[in-house]
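To start, the structure under review is shown below, and the notes come after it.
Just so you know, all these numbers are worked out from the coordinates, no wet-lab data involved. These numbers were taken from a predicted model, which means no experiment stands behind them. Quick reminder, even Gly has a Cβ in these numbers, built from the backbone with ideal geometry, and neighbours come from all protein chains shown.
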Amino acid sequence: MSKVFLKVVIRVFFLAGIFWVLASSAHAATNINSAVADHWAWNDIIGWIDFYNTQTVNVGSQNLTGYASSSAGEISLDCHTTSIGNICDGTNDYQVINNGAGDLSGWGWNDLYGWISFCGGQGTSDCPGGVGYRVLIDPNNGDFSNYAWNDVIGWISFNCVNTGDCGMSNYKVNTSWFATSTVATLDSSIFDTGVAAGAELNSVLWHGSEPAGAEVSFQFAVSDASAGPWAYIGPDGTSNTSYRGGPNISLKLNYTHHNNKRYFRYRVFLQSNQSQTISPRVDDIIVNWSP
């Protein structure tokens, strides 16, 4: 029985984060939790800091925007989205940065007390200093934790778990933003094996790159007619599974589900890592089939 190799050069480049929507207005709707205990930070000098009531604070996969309120006035998280608009001038531009996984860095600003650092002591330019600290957002539930720092008022706590006093005062800042992977799909054109009685799909192999945390997978659909119908399925015969394997690895297909049909198509899934900072790349796809 002869085998046919169909090489499909598709040059697919999927950029993680293509579906990100970033707040660009100081009046964008907040994604901070409105629950009574879920939008407060604390400082021993100025007291409670409210991240909800201005309706401007928005957590995105790249940065935080908007401003919180406190007894010391507004705490701005981004020079583009202050209460008086964009004040960035190229000299003292600032923002609180999200690395996509909930690790924050960068600077906020308060007119009374000055710069507020969200990260320090990490040995990088955006986290200077000798004392290690960093405000974090749990990528699974949106809870903030740890401390920010200001040279005048000291530590700003984002969660009562920092000091272990949650039984006395339950507070935290929580957002509906979670770090989630993004999936792009591409459906192939229709391939005609030319075998009237139907062919057998044997395997699929792809070339490209699959960084750690990213993934490429496939489903196949077969039909007796060029018009379909097309039902994309994986190794168990349902749409709930897919064929997975790294680049340059031949993936054996389940003959039971992809046999005795003249026409076929594939669907390729390209999934980023959870923080949407790394994505796979597919350069070409090779399908092996037998008449």
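Take Ala35 and Ala227, extend 7 Å from each Cα along the Cα→Cβ direction, and tell me the distance between the two endpoints in nm.
5.4
For Val152 and Asp138 in the same chain, what is the full-extension length gain: residue separation times 0.36 nm, less their Cα-Cα distance, in nm? Numbers along the way, then the final one.
On the way: separation 14, 0.36 × 14 = 5.04 nm, distance 2.78 nm.
Full-extension gain reported as 2.3 nm.
Would you mind working out the magnitude of the charge dipole of the stretch 40-162 relative to its Cα centre, with +1 at each Lys and Arg C-beta and -1 at each Asp and Glu C-beta, to the nearest 20 Debye? Before the final figure, lay out the partial values.
On the way: 1 positive and 12 negative charges, 29 e Å.
Dipole size: approximately 140 debye.
Per 0.36 nm of contour for each residue apart, how much would the distance between Ser290 and Gln55 grow if the chain were fully extended, relative to their Cα-Cα spacing? Spell out each step's value before the answer.
Numbers: separation 235, 0.36 × 235 = 84.60 nm, distance 6.11 nm.
Extra length available between Ser290 and Gln55 comes to 78.5 nm.
Dipole magnitude of the stretch 135-291 about its Cα centre, charges +1 at Lys/Arg Cβ and -1 at Asp/Glu Cβ only, in debye to the nearest 20? Provide the component values of the computation, followed by the final result.
On the way: 8 positive and 13 negative charges, 80 e Å.
Approximately 380 debye in magnitude.
Tell me, what are the semi-axes, in whole angstrom and largest first, of the equivalent ellipsoid of the chain as set by the roots of 5 times the Cα gyration tensor eigenvalues? Don't skip to the answer; put the middle values down first.
Numbers: eigenvalues 549, 61, 55 Å².
Each semi-axis is √(5λ); the values are 52, 17, 17 Å.
Give, as ranges by residue number, the residues of the stretch 200-240 whose backbone N falls under 16 Å from the point 7 Å along Cα→Cβ of Asn248.
Of the residues in the stretch 200-240, 205-212 have backbone N under 16 Å from the label point off Asn248.
Provide, for q = 0.17, 0.19, 0.23 Å⁻¹, the log10 of I(q)/I(0) from a solvent-free Debye sum over equal Cα point scatterers in the stretch 86-199.
-0.95, -1.10, -1.34
Which of rounded, prolate, oblate describes the stretch 132-174, given a ≥ b ≥ c as roots of the alpha-carbon gyration tensor eigenvalues and a/c under 1.5 marking rounded, otherwise prolate only if a/b is larger than b/c? Don't skip to the answer; put the middle values down first.
Details: a/c = 2.34, a/b = 1.22, b/c = 1.92.
Here the stretch 132-174 falls in the oblate category.
With θ set to phi - 60° and the Karplus curve 6.51 cos²θ - 1.76 cosθ + 1.60, what are the ³J(HN,Hα) couplings of the stretch 52-57 in order, to the nearest whole Hz, using x for Gly and Pro?
Listing the rounded values in order: 10, 5, 6, 6, 10, 5 Hz.
Stretched out fully, how many nm does the piece from Tyr255 to Ile87 gain, at 0.36 nm a residue minus the Cα gap? Walk me through the numbers before you get to the answer.
Numbers: separation 168, 0.36 × 168 = 60.48 nm, distance 6.27 nm.
Extending this stretch completely gives an extra 54.2 nm.
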